Amino acid sequence: MESPNAHQWHPSRRVVPARQPAYTHDMRVIGAEFILFSMRQRRRSIAVTYQQFEVDRSNLSSHRIHDLERPALTSGQVRVLIDRFALTANNITYGIVGDRIGYWKFFPAADNWGQIPVWGFADVIESLNDEIPTGERLYGYFPMATEWVLSPTGIKAQHLIDGTEHRAALPPVYNSYSRTNNESYYQSELDDERVLLMPLYATSYCLYDFVCANDYFDAPHVVITSASAKTSIGCAYAFKEDPKTRTIGLTSSGQFERVKALDLYDEVYTYDDLQSVSTDVRTVIIDISGNGNVLSALHERLGDNMAYTSNVGLTHYDNNTMGPHYIRDRSAMFFAPGHIQQRAQEWGPGVFQEKSFKFWLNASIASRRWLEIDRHEGMNSVPQVFDDVLKGNVPADRGVVIKL
């Protein structure tokens with residue numbers, strides 16, 4: 001630690017200005033953010049239209065940016081200016097299973113168009129709700145749009161619920177928004193990691209907790225497909241701290257060396273080398289890929305030792321028809337919000353969120369050694385970025401954040 005007298009005058013050296021207290025930098029950052037926010041607020045306050053990115057629900061590669069008339073607020077509502085959001089393969093899954101699980105219902109669009117939800121930050125720029133002032137910063141589930149209207153209800157110090165009528169029957173975890181101004185742990189410098197990794201690593205932690213809650217299905221081995229995917233890596237972070245399991249990562253030949261270099265999985269094999277996966281012990285499969293051919297081959301190879309398969313994602317969405325050896329009676333689609341609701345009932349409100357947040361924070365910081373974030377600006381960047389994610393053109397060691 002530097003001596004408090006380190007900058008006093010001495011004949012042997014010139015005078016050096018005293019170090020500014022740490023809070024001065026923080027105040028400058030906050031001031032700059034406030035000025036930027038004020039500029040954005042003034043710019044939007046005179047707008048009569050807003051934009052949203054819509055996809056053809058039957059063909060995700062067909063999409064448009066739609067200009068719409070800005071709706072007037074009614075009593076109790078707030079208008080938020082969406083600041084940033086992430087785009088990942090997880091969002092593509094939302095679109096693929098949108099009808100089956102209900103993701104299209106969150107932010108409806110006309111005709112056969114749909115809005116794929118994303119996780120992001122937004123700032124309140126207009127409020128007819130006495131409990132939510134302008135300037136509030138919210139983290140949660142938004143459409144890919146320049147702004148949106150929420151109807152806050154169930155307002156607590158650190159979170160609120162969007163009480164918009166059509167969302168009432170949808171999973172509560174997606175309707176909850178964090179009021180980050182009131183979070184003691186909020187760090188604005190982690191905004192990009194939060195929109196990018198928190199939804200994925202929260203799912204990772206849910207999967208780990210699900211396996212633990214089922215006594216590991218009496219299986220000491222856990223096979224994780226699409227091992228280079230961020231949700232898979234999150235699972236590997238969680239299981240690495242658990243001495244009861246041994247993890248086996250499966251990946252493409254092109255990703256093999258990178259996945260090995262992560263040093264998170266106990267074993268790593270390519271999809272062409274499934275014969276190296278041991279068949280001698282009971283094994284749980286966490287499937288992020290949705291590749292029916294790989295799952296069918298794994299199930300055939302493991303046979304009775306295939307204890308359980310948790311189907312999570314569709315990173316290989318174009319090859320997700322299950323093969324002839326797929327064991328359906330020991331496989332099920334995993335739905336993270338349902339698991340979170342169950343834990344809330346068992347542990348009480350907020351306990352699971354606190355555990356998963358701590359896991360996300362530690363894993364996100366650890367991920368900085370391999371993850372690079374590509375930042376894009378404005379709604380006009382969304383179509384190309386979406387196409388890149390849809391086609392799998394975003395390298396596994398990169399993440400995409402769009403700032404509006």
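Given R0 = 35 Å, the distance between the Cβ atoms of E131 and E267 translates into a calculated FRET efficiency of 0.10.
Springs join every pair of Cα atoms under 10 Å in this Gaussian network model of the chain, and among R194, R100, R137 the largest mean-square fluctuation is at R100.
With a cut-off of 16 Å on the backbone N, the residues of the range 341-370 near the modelled label site 7 Å out from K156 along Cα-Cβ are 341-358.
Springs join every pair of Cα atoms under 10 Å in this Gaussian network model of the chain, and among S176, S188, S75 the largest mean-square fluctuation is at S75. With kT/(6 pi eta Rh) evaluated at 4 °C and eta = 1.567 mPa s, and Rh the Kirkwood radius from Cα pairs, the range 278-404 diffuses with a coefficient of 73 µm²/s according to Stokes-Einstein.
Computing volume of the Cα convex hull per residue in Å³ directly from the structure and comparing it against (1) 128; (2) 186; (3) 158 singles out (2).
Against the chain, whose longest principal axis comes from its Cα atoms, helix 22-45 is set at around 90 degrees. Surface exposure of the range 113-167, expressed per residue as accessible area with a 1.4 Å probe, stands at 33 Å². Does the range 246-329 come out rounded, prolate or oblate, given a ≥ b ≥ c as the square roots of the eigenvalues of its C-alpha gyration tensor, rounded meaning a/c under 1.5 and, failing that, prolate meaning a/b above b/c? Here the range 246-329 falls in the oblate category. Take the chain and mark each of the chymotrypsin sites (Phe, Trp or Tyr not before Pro) that is in a DSSP loop with at most 12 other Cβ atoms within 10 Å; the longest unmarked stretch, sites excluded, is 186-404. Spin-label model, A169 to S253: label points 7 Å out along the Cα-to-beta-carbon direction sit 5.0 nm apart. For the range 161-273, the fraction of 1.4 Å probe accessible surface lying on carbon and sulfur atoms is 46 percent.
Dipole magnitude for the chain: about 960 debye, using +1 per Lys or Arg Cβ and -1 per Asp or Glu Cβ, origin at the Cα centre. What 222 nm value per residue comes from the helices of the chain, counting each DSSP H run with n ≥ 4 as -39,500 (n - 2.57) and dividing by all residues, nearest 500 deg cm²/dmol? One gets -10000 deg cm²/dmol as the mean residue ellipticity at 222 nm. Using the alpha-carbon atoms, what tilt in degrees (0 to 90, nearest 10) does helix 351-367 show relative to the longest principal axis of the chain? Helix 351-367 sits at roughly 90 degrees to that axis. I'd like the antiparallel share, as a percent to the nearest 5, of DSSP beta bridges with both residues in the chain. About 60 percent, rounded to the nearest 5.
With a ≥ b ≥ c the root eigenvalues of the C-alpha gyration tensor of the range 72-206, is it rounded (a/c under 1.5), prolate (a/b larger than b/c) or oblate? Cα axes put the range 72-206 in the oblate bin. Loop-located trypsin sites (Lys or Arg not before Pro) in the range 202-257 (DSSP state other than H, G, I, E, B) with a sparse environment of at most 16 neighbouring Cβ atoms within 10 Å: K244.
Taking 17 Å as the cut-off, no amide N atom of the range 108-128 comes nearer than this to a point 7 Å along the Cα-to-beta-carbon line of S61. For a test of the definition: using alpha carbon positions, the gyration tensor, and the 1.5 limit on a/c, classify the range 329-383 as rounded, prolate or oblate. Judged from the Cα gyration tensor, the range 329-383 comes out prolate (a/c at least 1.5, a/b above b/c). Quick one: which of K260/K403; K244/K355; K105/K355; K105/K358; K230/K391; K230/K403 span more than 27 angstrom between C-alpha atoms? Checking Cα-Cα distances, K260/K403; K105/K355; K105/K358 exceed 27 Å. Its Cα gyration tensor gives the range 93-169 an equivalent ellipsoid. The semi-axes, each the square root of 5 times an eigenvalue, are 25, 13, 12 Å from largest down. The simple spin-label model puts a point 7 Å past each Cα toward its Cβ; for T321 and V351 those points are separated by 4.6 nm.
Given a Förster distance of 35 Å, report the FRET efficiency between T49 and D374 from their Cβ-Cβ distance, rounded to the nearest 0.05. So the FRET efficiency works out to roughly 0.80.
The values are calculated or read from the model by the stated rules, or taken from the named source; none is laboratory data. Treat the numbers as computed from the prediction; the structure is a model and nothing was measured. Here Cβ is always computed from backbone atoms with ideal geometry, including for glycine, and neighbour counts include all displayed protein chains. Surface accessibility is based on the protein's heavy atoms, side chains included, excluding ligands, DNA and RNA. Shrake-Rupley method; radii C 1.70, N 1.55, O 1.52, S 1.80 Å.
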